[in-house]
1. To the nearest Å, what is the center-to-center distance of segment A:101-147 and segment B:126-165, using C-alpha atoms only?
2. What nm value, rounded to one decimal, do you get for the distance between A:Glu21 and B:Asp122 when each label is placed 7 Å out toward the C-beta?
3. In nm, to one decimal, how far is the modelled label at B:Tyr130 from the one at A:Ile44, with both set 7 Å along Cα→Cβ?
4. Which of the residues in segment B:180-198 show a loss of at least 10 Å² in accessible area from their chain by itself to the complete set of protein chains, at a probe of 1.4 Å?
5. At what distance in nm do the modelled label points of A:Leu167 and A:Arg28 sit from each other, each positioned 7 Å from its Cα along Cα→Cβ?
6. Roughly how many whole Å is it from the C-alpha centroid of segment B:220-264 to that of segment B:30-76?
7. Report, in debye and to the nearest 20, how large the dipole of the protein assembly as shown comes out about its Cα centre when Lys and Arg carry +1 and Asp and Glu carry -1 on their Cβ.
8. Probe of 1.4 angstrom, ligands and nucleic acids ignored: what's the accessible area per residue over segment A:55-193, in square angstrom?
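The values are calculated or read from the model by the stated rules, or taken from the named source; none is laboratory data. Keep in mind it's a predicted model, so treat the numbers as computed, not measured. Cβ placement follows ideal geometry from the backbone for every residue including glycine, while neighbour counts extend to all protein chains displayed. The accessibility values were calculated without ligands, DNA or RNA, using every heavy atom of the protein model including side chains. Shrake-Rupley method; radii C 1.70, N 1.55, O 1.52, S 1.80 Å.
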Protein chains: 2
Amino acid sequence: MHATRLSINLATVRQQWNLREAVEACARLGIPAVDPWRDQVAAIGLDASVRAIKDAGMKVSGYCRGGMFPATDQAGKQAAIDDNRRAIDEASVLGAECLVLVVGGLPKGSRDIAGARRMVEDGIGAVLPYARAHNMPLAIEPLHPMYAADRACVNTLAQALDLCEALGDGVGVAIDAYHVWWDPDLAAQIARAGAAKRILAYHICDWLVPTRDLLLDRGMIGDGVIDLTGTGAMIENAGYAGFIEVEIFSAANWWKRPGDEVLRTCIERFNRLMAAKT
Amino acid sequence: MHATRLSINLATVRQQWNLREAVEACARLGIPAVDPWRDQVAAIGLDASVRAIKDAGMKVSGYCRGGMFPATDQAGKQAAIDDNRRAIDEASVLGAECLVLVVGGLPKGSRDIAGARRMVEDGIGAVLPYARAHNMPLAIEPLHPMYAADRACVNTLAQALDLCEALGDGVGVAIDAYHVWWDPDLAAQIARAGAAKRILAYHICDWLVPTRDLLLDRGMIGDGVIDLTGTGAMIENAGYAGFIEVEIFSAANWWKRPGDEVLRTCIERFNRLMAAKT
């Protein structure tokens, strides 16, 4: 079976390979798309990254990541806006389908999460004209509430979609099953996202029991408790037909294995998941 | 200043003292209430626990904990119901103001969180007549979504209040700031809980950045990023005038300090928090 809708988020093999090596390995295994991170692009340079992706005939399902808008002062906010514009430039050159936004948490020393959320809306609003001019959709990724303080104060799909409605065209959501699987309102919000044509990306990995680290203990598809079959069906029924991106941060397990083994496992589990739904 | 509304959840000093020692220490420091855990009561026996609490003139703001309803089979579900009835008996004898429910996560091997949630509703429904007959309010505690798999599949205040409405009288919510602080809908749901007279308990500690363990790295009041002043005001405005319970699981810090130091710090930080609101 050919994994025609599989994309590999390159964080999944970040400890094993640089961007060119990772892209070439994906191509060898017939994986049609990747999602690189900015530091991986910076490490070999933007031009070399574009060449590696073109040489491999690889699609780019997204680019990770813009965001991180809240700041303690105006200079910090402006720096974030400028940085997001550069991320849009890079995403355009790479041919990415969207720029994923991890919006940022509380500014240093702050306990004002409502204020941080206003900063996020203002920040996205400030870069959105630039994104629209570059035809680069911005994908707000609601992050699990355990990241509300330090990574993203947008923590539910409902909240992300409210933001989209407030901001207008050119912005949508990246739905990562890891971040949203627990949400009692998930089915309704995925349907809402689909009806509004806001689903720009769908990411998967698995929630391990126990989870030993808040950030770096994500599981391979099938090794945890997320109903990825059910969630995938919701996404499909909502009209999303794009890439399904595997993104696994796993310091103690998958980052320690050979990259080829990780990719082959992703393909095998992905194909099993796709087969299960029929 | 006298901490007249302070209660100490005895998990906060569980590594330092048994129940009698903890209650006596609280009494010496003028703390008017505690919330013991079932294993702490079992360790010295129910009768000895009742005596310790009576001897100290201590109020019991709640009893931790019932719940854990989902199970793989009928025998498991019945065992949970039976165990919750025993917890109600104990809570009554102890004079607790409510029995706190940590409702349980996914049954072993399950990925069906919606099913687990139905089991929770069925389980609470099954013990509710017994709780009502004993005049023991059941306090559903929505837990942070990071515990959805293994501790509680009720993860937002909205969800807990929906459950309360479905179940009727004799059930309410225990609101723990640690579990709900991130919720974009928090203010509205606290107001809703107050209007429905469903707030049975209010617990506080703090969210540390970084948080190094999903369960045992909770912070002392004031050491983290939760706006406890603002959340406390919401709770107050919602009409709750009961005890404010400090509950801190802290394997690497507070559980390693002398119990008296922990209690004195709780009192100092609690009084500072109360003063800040005026």
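1. 33
2. 5.2
3. With each label point 7 Å from Cα toward Cβ, the separation is 6.3 nm.
4. The answer is B:Trp181, B:Trp182, B:Pro184 - residues whose exposure falls by at least 10 Å² when every protein chain is included.
5. Reported label-point gap for A:Leu167 and A:Arg28 is 3.8 nm.
6. 19
7. The calculation lands at about 220 debye.
8. The answer is 34 Å² per residue.
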